[in-house]
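What follows is one structure encoded as structure tokens, with my remarks underneath.
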Amino acid sequence: MKTLGIETSCDETAIAVYDSEHGIIGESVYSQIKMHAEYGGVVPELASRDHCVKIIGVLKEAIGDLDLKTIDQIAYTSGPGLLGALLMGESFAQGLSTALNIPLIPINHLEGHLMSPVMEFPEIKTPYLSLLVSGGHSMIVDVKERGSYEILGQSQDDAVGEAFDKVGKLLDLPYPGGPHIEKLATAGNPKAYDFPRPMMHSDNLNLSFSGLKTSVLYTVRDIEDLNDQIKADIAASFQQAVIDVLSKKIKKAVEASGRSDVIIAGGVAANKALRSGIKDLESSLGIKVYYPSLKYCGDNAAMIAYVGSLRSSDGGNNKASSVRARWPLSELSK
Ligand code: KG4
Ligand code: ZN
């Protein structure tokens, strides 16, 4: 069975085809990041318009020589995300499903991030823990089985990626700051600044990053000559604070849940220092840590096509809108 996945929840226009026998057989992602970089963040109106312009080209590239008539069903991200951007993807999905007369399945974007590592590592079996760290979300989730997710802890304020991006701005780095901070940090001393590790020792699994970001803000404000070495030291010290907090919380989550497989998903999972920091927990906790390959850390349609292939359609190609800007995991059906 072939499932075509469509992802337009934020600033990536992505389409992929998942074949139940052969896995991903075609995929394409167009990132709008350069367009938004000029504004220092994603501009929702521009994002919707650009999805509209780019989606046909992305479809062509994703399917290549594949005949669209061989697609059995369409899965698309219907939330959470930017409303206009989601509506754009939904309209496109509805048009295709009507033209091809095949079913349509709305997919929760977070479920895509949580489940897709199984696509790459079939040996992962539920239940497992997932640390989902992206620009919009920071949560530790107990993935009990497909469709059943318990959030064990989550950020009470900024998401981790958001904190990276805000600190990036403070250091005059281009948007999004995450990858630039990682690069800059390689030349810095992670012990140069003793930034706070918010909620690290709280007895729950919740997270908080706005105090850390504010501490970086005050540090930067008080430095007269913010030269390249100081910037690198700040980047490395900030990154280390994030890694320390996340490692500690993963440790707690493993101890509390007894799970032995941990996956790290979302855009921030691309960070190599974070990867190795959490990988270090493997031997002491007796767990196995999995990371999606870099192309599946950020937003992509392969994860949507894959989850679509697992979810059965109600058989229809509904014209009503299923789009939701907010769609908590707790409201997912199996
Ligand atoms: O999952 P994603 O592509 O989009 C959503 O937010 O859904 O995540 C984007 C976030 C941005 O905040 C970006 O700065 C961060 O992931 N990011 C990184 C790295 N690569 C991307 N943060 C730290 N280190 C990285 N290498
Ligand atoms: Zn995402």
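The values are calculated or read from the model by the stated rules, or taken from the named source; none is laboratory data. Keep in mind that this is a model prediction, so the values were computed, not measured. Glycine also receives a Cβ, built like all others from the backbone with ideal geometry; neighbour counts cover every protein chain displayed. Quick note on the areas: whole protein, heavy atoms, side chains included, nothing else; ligands and nucleic acids left out. Shrake-Rupley method; radii C 1.70, N 1.55, O 1.52, S 1.80 Å.
The criterion of at least 3 residues that are within 22 Å of SER247 (Cα to Cα) and within 18 Å of the chain's Cα centre (by Cα) is met by the following helices (runs of 4 or more DSSP H) wholly inside region 147-231: 160-170, 177-185. Can you tell me which residues in region 59-85 are touching a helix residue (DSSP H, G or I) at 6+ places or on another chain (Cβ under 9 Å) and part of a helix (DSSP H, G or I)? If the condition is that a residue be touching a helix residue (DSSP H, G or I) at 6+ places or on another chain (Cβ under 9 Å) and part of a helix (DSSP H, G or I), then LEU59, LEU68, LYS69, LEU83, GLY84, ALA85 are the ones that fit. Residues in region 1-45 that are of a type in the set (Asp, Glu) and part of a strand (DSSP E or B) were compared, and the one that is most open to solvent (accessible area, probe 1.4 Å) is GLU27.
Filtering region 98-124 to residues that are polar (S, T, N, Q) and within 12 Å of ligand 2 (Cβ to nearest atom) leaves ASN108, SER116.
Condition check ((1) open to solvent by 10 Å² or more (accessible area, probe 1.4 Å); (2) without any contact (Cβ under 8 Å) to a residue 60 or more places away in the chain; (3) touching a strand residue (DSSP E or B) at 6+ places or on another chain (Cβ under 9 Å); (4) more than 11 Å from ligand 1 (Cβ to nearest atom)) across all residues:
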{"residue": "GLY178", "(1), (2), (3), (4)": "yes, no, no, no"}
{"residue": "GLU182", "(1), (2), (3), (4)": "yes, no, no, no"}
{"residue": "PRO196", "(1), (2), (3), (4)": "yes, yes, no, yes"}
{"residue": "PHE209", "(1), (2), (3), (4)": "no, no, yes, yes"}
{"residue": "LYS213", "(1), (2), (3), (4)": "yes, yes, no, yes"}
{"residue": "ILE250", "(1), (2), (3), (4)": "no, no, yes, yes"}
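Counting only residues that are basic (Lys, Arg) and closer than 18 Å to GLY298 by Cα, region 21-54 holds 1 of them. Number of residues in region 11-62 that are aromatic (Phe, Trp, Tyr) and out of contact with any strand residue (DSSP E or B) (no Cβ under 8 Å at 6 or more places or on another chain): the value is 1. Looking at the structure I just gave you, is SER309 within 16 Å of ligand 1 (Cβ to nearest atom) and hydroxyl-bearing (Ser, Thr, Tyr)? Criteria not met by SER309. Scanning region 287-334 for residues that are of a type in the set (Asp, Glu) and surrounded by 19 or more Cβ atoms within 10 Å (Cβ to Cβ) yields a single hit, ASP299. Tallying residues that are under 19 Å from GLY95 (Cβ atoms) and surrounded by 14 or more Cβ atoms within 10 Å (Cβ to Cβ) within region 46-67 yields 13.
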